[in-house]
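Q: Supplied in structure tokens, the structure appears directly below.
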């Protein structure tokens, strides 16, 4: 009986987490450069059931105490790229991340909806400086052209080149807000071989609206099912305790 309660309770907790992650994906359906999260689960205390027959143990099946969160992984697949016509909007088609300065270090993003500061420096909407091969990128002119390799021309003159880096172990990238990623691994960022910069375009989320809505609905129904099972188990256990007390 208690085993059933534990399994139902863990199922409810798992579906709450699943629902929260998928709801966050849905909430960012229009966030430039957003990468969806994928929650994964594993069995809680799995074990094998056996029966003793003819002087030997015979496996008859497996049981577990429910499920628990195994991890939440970032889906780094490329999102759909849409034209905007804004010369400061840039998208990466292929591998890689833009490099941005953040609290004395560098972080990474796929969101290329850049703006100019009062000093003419290229930055994110939150004010974090976009990094080129020469450091902060200064746009001092009227006409801005960004080539497919990231080279930046202002009024026809080459001023810098966007730093684009990539990682073999993307599992060590962690979200820190503002659509930024921090790298916690031990490898040196590499220049990707397969990428192209598209000026006047933005990469939108790799989140599928219909799929996320279906996932949320499924999580709600599964949660309700586990809730009913938990309630039934609790009522049955209460009756058993009451009857046991009467026998005594």
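Q: Here are some residues: 173, 202. Which one is crowded, with 18+ Cβ neighbours inside 10 Å and closer than 21 Å to residue 145 by Cβ?
A: The match here is 202.
Q: Where in the range 111-225 are there strands (runs of 3 or more DSSP E), lying wholly inside it, with at least 1 residues that are out of contact with any strand residue (DSSP E or B) (no Cβ under 7 Å at 6 or more places or on another chain) and outside the structural domain of residue 30 (by TED's automatic domain parsing)?
A: 157-161, 173-177
The values are calculated or read from the model by the stated rules, or taken from the named source; none is laboratory data. Here the structure is a predicted model, which means the values were calculated and not measured. As a convention, Cβ positions derive from the backbone with ideal geometry for all residues, glycine included, and neighbour counts pool all protein chains shown.
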